[in-house]
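Report on one structure; see the data block that follows.
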Amino acid sequence: MRINLRNVLGFIAANTFIMAGFVRQARRKALNSKCIISLYFHKPDKKEFEFCIRWLKQKGFRFLSPHDIEKIIKNEMPFPKGGVCITVDDGWQSNVKNVVEVANKHEVPVTIFVSTTPAEEGNYWWSYVKKAQQEGLISFSKGELKKMPEEKRLGILQELKKKVAPARDAMTVDEVKAVSSSPFITIGSHTQTHPILINCQDKQVYEELKTSRQKLESWIGKEVAYFAYPNGDFGQREIQILNSLNYKLAFSSQPRYLTPELLKDNYTLPRFGFLEGASSAENICRMTGIWHSMMTKVPHPAKH
Ligand SMILES: [Zn+2]
């Protein structure tokens with residue numbers, strides 16, 4: 001656990017939920033009902049990723065690939081009890097050691113959703129923002145850029161790219177090719193440049209979804225049929241374009257259990273998020289869905 005006030009408070013809250021028996025109840029429910037827990041990570045360290053895999057294995061969860069989920073949708077496989085689907089977004093270079101090696105060692109399926117431009121160029125757009133912040137060149141944040149109209153965001157990034165050169169943090173194209181040869185790794189698309197799709201024009205959304213897939217398929221020599229929405233943002237337009245491009249499944253970041261009912265919407269599959277750096281106790285609560293359900297029950301001050 002990374003020690004800071006947020007994580008310490010999270011640790012205390014999570015242990016309270018565990019001691020109250022909420023996690024045990026949620027786990028039993030997931031293991032005894034038609035329910036898939038789908039999870040997303042970004043760049044976990046090896047210890048925390050392996051802890052999750054071991055915990056899920058020890059508790060009796062059954063690991064599923066997106067291909068299994070497709071088979072469940074087509075009724076070629078029964079909807080299992082206690083299913084878990086592990087996904088990792090962005091394609092970080094550290095995933096090679098911290099995720100892929102663990103998946104191979106424990107023989108569990110993991111899907112990595114890769115953005116192709118960072119693989120080609122080295123960095124995600126927010127790495128330029130972070131570097132420029134560190135060098136005192138800008139005062140705005142990654143969050144502010146996410147809310148900007150797309151042309152404005154691209155204009156700012158173009159300027160930043162001329163000024164800062166962060167160290168590579170995305171997998172190289174060769175690394176994407178190499179990890180895809182593992183029988184436990186599936187590569188999915190996460191667009192080319194990781195824009196906020198709902199801020200983009202139709203043509204850009206189409207290009208992002210089409211070209212990323214084509215590039216990944218040419219790199220790995222396999223079909224790329226699965227997608228994860230950058231930042232979890234999508235609307236009906238994104239679903240229609242995914243459908244027109246014949247993607248089979250798309251994952252959001254809506255924190256819900258994947259039930260037979262939700263599986264009917266194959267372009268809005270929910271996922272619970274793992275929080276890197278948080279305590280194991282908090283992440284156990286997150287993986288079992290307890291964290292989100294408890295946190296939404298905490299009363300918020302009224303908005304005016
Ligand atoms: Zn992402």
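Values quoted throughout were computed directly from the atomic coordinates according to the rules given, and no laboratory measurement underlies them. If you're wondering where the values come from, they're calculated on a predicted model, not measured in any experiment. Cβ placement follows ideal geometry from the backbone for every residue including glycine, while neighbour counts extend to all protein chains displayed.
Quick look at the values:
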quantity: Dipole magnitude (debye, nearest 20) for the stretch 1-119, charges at Cβ of Lys, Arg, Asp, Glu; calculated: 580
quantity: Ordering of 60-73, 277-290 by burial proxy (mean other Cβ atoms within 10 Å per residue, highest first); calculated: 277-290, 60-73
quantity: Per-residue [θ]222 nm for the chain (sum of -39500 (n - 2.57) over DSSP H runs n ≥ 4, rounded to 500); calculated: -13500 deg cm²/dmol
quantity: Listed residue (Leu31, Trp126, Gly136) projecting farthest to the positive dipole end of the stretch 5-302, Cβ model; calculated: Leu31
quantity: Signed unit charges on C-beta, dipole axis of the chain, positive-most listed residue Asn95, Tyr257, Val173; calculated: Tyr257
quantity: Rounded to 5, percent antiparallel among DSSP beta bridges of the stretch 5-302; calculated: 10
quantity: Within the stretch 5-302: Cβ-based charge dipole about Cα centre, in debye rounded to nearest 20 (Lys, Arg +1; Asp, Glu -1); calculated: 940
quantity: Relative packing of peptides 183-189, 84-90 - highest average C-beta neighbours within 10 Å first; calculated: 84-90, 183-189
